[in-house]
Structure formats: C-alpha cells, structure tokens
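Peer 1: Mind looking over this structure? Questions follow.
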Amino acid sequence: MANLISINLLAIFRDKVFHGILAIAVIFLLIPSISSLSMRQVTELSITLSLSLLSVILLLLSVSLGATSLWKDIERRYTYSVLSLPMERSAYLIGKFIAIALFLLLTALVLGAVTCLVVWLSSGIYPPERPILWSALILCVIFSALKYIVLIAYSFLFSTVSTSFFLPVFGTISVFMAGNATQQVYDYVHSPAAKALSPLLKHAASFFYYLLPNFSAFDLQINAIYAIPLSLKGVALPFIYFCIYTPLLIVVAAIIFARREMK
Amino acid sequence: MNVIEFTEITKVFRGKKGFIVNALKSMSLQVAKGEVFGFLGPNGAGKSTAIKILLGLIRSTAGSARIMGVDVNECSARLSVGYLPENPSFYDFLTGEEYLRFVGRSFGMDPSLLNSAGDRILRRLDLWEARKRPIRGYSKGMVQRLGLAQTLIHDPAVYILDEPMSGLDPIGRALVKEIIRELKELGKTVFFSTHITADVEAVCDRVGVINKGTLLTVDTVASILQRGVEGYVVQRFLPDGTTDRQLVPKSDLHTFIEQSIASRWSIERIEPKRKDIEAFFLDIVAVEQRHETQG
C-alpha cells in the first residue's frame, strides 16, 4: 500500500495540471491590496477572499486529480501492467485515493498557512474590530479539505463505473453543487413555507438529503470571518460524518472496481 | 506438474446493443514446467483474452484457470508471474529505473537485491543509458524492452508474454528470442502469444493454434516440422566432377540413395524440404474455415 501511495504522490507532484492550478495561488499575494479597497472590514474581507480562493483551488484539484486519475490509468492502459502485479484491486484503488487525499490535505495546510499570513498582514495594516479567532480559521481550512476529500471519494465512485471522463468530471461537479444545497433544500421542505408541497416531494427531498453529501456541515467560514467560537458539537459531528461517509463511498467504489473487466 | 492450466474456459463478451462475442469457447490447455509454449493465432483469435484471464484482468464466463495450482482469481497467483502486456504502457512520469523499483517492491523484493537485479537487467536490455530518463521519452522499442525488464526483475517461475516481439526492430527481436532461450535453459516456463509463425519456430517447444476462440490444435514444434517434411533435396556428384541435384519424395529416399551408390554417385548433401510452421498454421485455419463454410 505504501508503495502505491508513494507512486501516486509522485504522479501528482510531476503533473503539469497540478503546477498550473497551484500557480493560481499567486493570487493570494493580491488579497491584502484588494481588501484594503473596501476601506472597512479589511481583515474580514481578506479572510473571506483567502478562504474562497483556497476553496476554489481545492475544488479544481479535487476535480482534476480525483475525477481523472483512475480514468487516465485505464485510458492510458497503465492498469494492465499495474493490476497484473500481485496486488488486490481494492488496494490499488485505496492507495490512489489515500495519495490524493493526503496531497489535498497537504495543499490545504500549506495554503492555510499562506491564508494566516495574508490575514495577519491585513490585520496589521487595518486592525479589525473583533480579534481574529485563529483556531476557527485553521479549523475552517481543515474542514474545507475534508469536504473536498468527500468529493474525491465521489469522483472515484463515478470513475469505477464510467468508461469515459464525462461521468467522473461532470458527476463530481454535480455532486459538489448538490452537496452545497442539500441542507437548504431539506430545511425549506420541512419549513412551514413548504406546506403546499406534496408529501412525495418532501420524502424525495429527505431521501436525497441522506444520500447526497451535506457540504454545509463542513462550512465554518462564518465562524472564521466573524470570529464566532465553535462548539465541540459543531466540530465533532461533521468529523464523524466524514469518518463514516467517506469510507462507505470508497468501499462501494472498491467493490465495483473489483468486478470491473479490464478489456 | 502443470504450471499453467486452463480448464473448459469460456468467455463471452456482451455488447451494449445486445450483441454477443464468444471470445473463448470451452478451451482447455496445460503448459508444463520448463516449457516454452507459443500461443499462435490471427488477430482477434482470443489470445489476449486468454492471457487477461490468466492475469485476473477479466473473469471467465465459465471454466477455471490456474497458475502453479493457484486459481487466477486469487491475487497470490500472480506472485510467480512476470507479465508483459501487448503494446505495453507504463507510468510515463517515472524513469525506467523508478518503474523497475516500483515493480520489484510490489513483489516484496529485498531493496539490495532489487538494486542489483535492476542494474543487471537494465544493462542486459540495453536500457542502462536511458534509465534516468522519464518513460514518456522512450521509443516504442525501449518501452517494449522495459516491459521485458519488469517481467525479469523478480526472477519469476512463469513468464506470460503477450506479443513480446511486436514493435521491435530485428536486433530487439533477436534479443527477446535470446532471452526466451536463456529462460528455457534456466528451467522457467514461458507462455507467449504471437501471430508471427517464425517466432514460434525459433523458440518454442510446443505450439497451440487458436482461431475465433477455439483451440484448434496443440503439438510440439519438432513433431510439426517432422510431419511437414515433403521430401528431400539430394545433391550428389560423380568422380569425373558431374554434379546433380534432385528432389526425392520422402518415401523414395532410401531406394534413391542405394541406387545412387550403386551407380558410383557420391552423396554430398541431403536437405529436408518441408512446410514451415506458417504453412502448418495456414492449413489448420483453412480447414477450420472450410468446416465453417460447410456447416
């Protein structure tokens, strides 16, 4: 497994797409100047911009690495040589997933450190009204990474059933959009405002709420921007959710992949 | 002991629009330890399908296959196998040396043994100079040789080579044949597919001919060549310097030699005139096609 993880990490570090996406990180340098244009809430704006930029980079990495990694191996016929080695297909899949997840976590930590630096610089020039809650900022970065790791697990699931890159790429993007909306839809259909909706529609909304990921649970941006302290429950529940949901997706993906024919 | 064993293997591919392809039809075949077995057939005959079943890349619809007595659906069956895929493609972001290390580690090789074996094999396959270059910069022949290198790295007992000579220049082909002969001397078992009959004649002990998913025949190369003898070209001369060259039917050779000696001819050379493996292969495929047409 360690052999597979290291080879896949090497693949990512030598990938030109990764270099291109990381180049976007240069935009971080512009954030203090852009934030200062607001004339007020400069620190809050720099936190917002930094976290949003970090989120965009992680999303691009999740789609480009997660949704194309397995497909590329099959398309380029690497799977014939690798899967004929004495290793279980599940080990191959999990090794690949762990490598991408580790890389995403590492990227999030590095960009998180850059975010902290940018916010510190902005707050030094224009001191905020409320003190910065660094713990919330760091947790926000970590949970953002966890959210995208869930998304990568979905992209792997799509890759195991697909013969082209369309389903992995567009399926992953669709899950990302749906996952960000599930909580709002669920809240709406169960609110008094949705009384007129048919029970069937409400049941369908509840079904998809439990089936699709709930990315709102991982969103701690408000806490980070406005320095609102986090409760233990607010951190523990999404983490437990991540620890159950992600392995479930990967197990299903591994079962499907083990049955797939490498024609 | 049979190192490779197919028992009543059937493989049916089902297309999206409901069409069915019978890639392998109840094929049974055994390859013994130390044998070099050539799996001969035209393109689309089912050679690669059979090999992919052996490697667990696809599952048979019916029947079973074993390597060294282990069911091919078990990952451990591949521990004793070195496999060269058809038109191989390897992680092209790695260098040749890195790829060999990756393969060696996958087989649980000891690092020091892996280093020495890797260096030796890279030199043997003329990849030493290119070992630090990414595989994406390799020529087709170099990739093919790297493919062969990764089958040799862990010194397996069984070699499964899918079209090993494809894409190689004459020097590369000669090298592959030489390596297969060396493996035979070491008592290794080699199972390789090809549609080039000359390759079979050059290195194989036995040959199996497959066409349209059916294994048509299995025989030793020596026996095929012996059966294929149609006659002999006899070159002879008289004491006065007169020379003569005649094609003598197989059944008349004895009589012809006796008559020649009695007539004071000296026999200079007797060469068998025989059908080669290609003629044998074409005959079998032609018979099969005639049966199909009549059926």
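The values are calculated or read from the model by the stated rules, or taken from the named source; none is laboratory data. The shown structure was predicted, so the numbers you read here are calculated from the model rather than taken from an experiment. Virtual Cβ from ideal backbone geometry, glycine too; neighbours counted across all protein chains shown. Surface areas here come from the heavy atoms of the whole protein model, side chains and all, with no ligands, DNA or RNA. Shrake-Rupley method; radii C 1.70, N 1.55, O 1.52, S 1.80 Å.
Peer 1: If you look for lysine pairs in the stretch A:2-259 that are eight or more places apart or on different chains, how many of them have Cα atoms under 27 Å apart?
Peer 2: For the stretch A:2-259, qualifying lysine pairs total 8.
Peer 1: Another question about this same structure. Please compute the contact order of chain B in relative form: average sequence separation of alpha-carbon pairs under 8 Å and at least six residues apart, divided by the residue count, as a percent. Please list the in-between numbers first.
Peer 2: Numbers: 550 pairs, mean separation 59.4, N = 295.
Dividing the mean separation by the residue count of chain B yields 20 percent.
Peer 1: Calculate the mean, over all residues of peptide A:81-93, of how many other protein chain Cβ atoms lie within 10 angstrom of the residue's Cβ.
Peer 2: Numbers: counts 13, 5, 5, 14, 13, 13, 4, 3, 3, 1, 1, 0, 0.
Across A:81-93, the average partner-chain Cβ count within 10 Å equals 6.
Peer 1: Give me the accessible area per residue for the stretch A:2-259, probe 1.4 Å, as a whole number in Å². Don't skip to the end; give the middle numbers.
Peer 2: Values: 12260 Å² over 258 residues.
Averaged over the residues of the stretch A:2-259, the accessible area is 48 Å².
Peer 1: Please get the size of the charge dipole for the stretch A:2-259, origin at its Cα centre, with Cβ charges of +1 on Lys and Arg and -1 on Asp and Glu, quoted in debye to the nearest 20.
Peer 2: On the way: 14 positive and 8 negative charges, 71 e Å.
The calculated dipole for the stretch A:2-259 is roughly 340 debye.
Peer 1: On to the next question. Rg to Rh for the stretch A:68-215: what is it, with Cα atoms only and Rh by Kirkwood? Please list the in-between numbers first.
Peer 2: Values: Rg = 20.6 Å, Rh = 18.6 Å.
That ratio is 1.11, to two decimals.
Peer 1: Toward the positive end of the charge dipole of the protein assembly as shown, about the Cα centre and with charges on Cβ (Lys, Arg +1; Asp, Glu -1), which of A:T68, B:N87, B:G104 goes farthest?
Peer 2: A:T68
Peer 1: Answer with one residue from A:M262, A:V110, A:F239: the one whose Cα lies farthest towards the positive end of the charge dipole of chain A, charges on Cβ with Lys, Arg +1 and Asp, Glu -1.
Peer 2: A:M262
Peer 1: With no solvent and one point per C-alpha, what does the Debye sum give as log10 I(q)/I(0) for chain A at q = 0.08, 0.10, 0.15, 0.16 Å⁻¹?
Peer 2: Here log10 of I(q) over I(0) equals -0.38, -0.58, -1.11, -1.19.
Peer 1: Report, as an integer, the average count of C-beta atoms from other chains found within 10 Å of each Cβ along B:88-98.
Peer 2: Numbers: counts 4, 8, 6, 10, 4, 8, 4, 0, 0, 0, 2.
That works out to 4 on average.
Peer 1: Let me ask something else about it. Could you check how much of the accessible area of the protein assembly as shown is carbon and sulfur, as a whole percent, using a 1.4 Å probe?
Peer 2: Values: 16230 of 26440 Å².
Ligands and nucleic acids excluded, carbon and sulfur reach 61 percent.
Peer 1: Chains B and A: what accessible area do they bury, summed, in square angstrom to the nearest 100, with a 1.4 Å probe? Walk me through the intermediate numbers first.
Peer 2: Working: alone 15110 and 13930 Å², together 26440 Å².
Interface area, both chains combined: 2600 Å², rounded to the nearest 100.
Peer 1: Once the dipole of the stretch A:2-259 is set up with Lys and Arg at +1 and Asp and Glu at -1 on Cβ about the Cα centre, which of A:L85, A:G171, A:I5 lies farthest towards its positive end?
Peer 2: A:L85
Peer 1: Further question: Which of the DSSP-defined H helices in chain A satisfy a minimum axial length of 27 Å, computed from C-alpha atoms, and a minimum mean Kyte-Doolittle hydropathy of 1.6?
Peer 2: A:42-61, A:89-125, A:134-161, A:232-259
Peer 1: Please report, in debye to the nearest 20, how large the charge dipole of chain B is about its Cα centre when each Lys and Arg carries +1 at its beta carbon and each Asp and Glu carries -1 there.
Peer 2: Details: 39 positive and 36 negative charges, 178 e Å.
The dipole of chain B has a size of about 860 debye.
Peer 1: Take each complete run of DSSP H in chain B, measure how far its Cα atoms stretch along the helix's own axis, and keep only those covering 24 Å or more with mean Kyte-Doolittle hydropathy at least -0.5; list them. All intermediate terms of the calculation are to be shown ahead of the outcome.
Peer 2: Numbers: long enough: B:277-294 (26 Å, 0.06).
For chain B, where a helix must reach 24 Å along its axis and average at least -0.5, the hits are B:277-294.
Peer 1: Ignoring ligands and nucleic acids, what accessible area does A:T107 show with a 1.4 Å probe (Å², nearest 10)?
Peer 2: Counting only protein heavy atoms, the figure is 10 Å².
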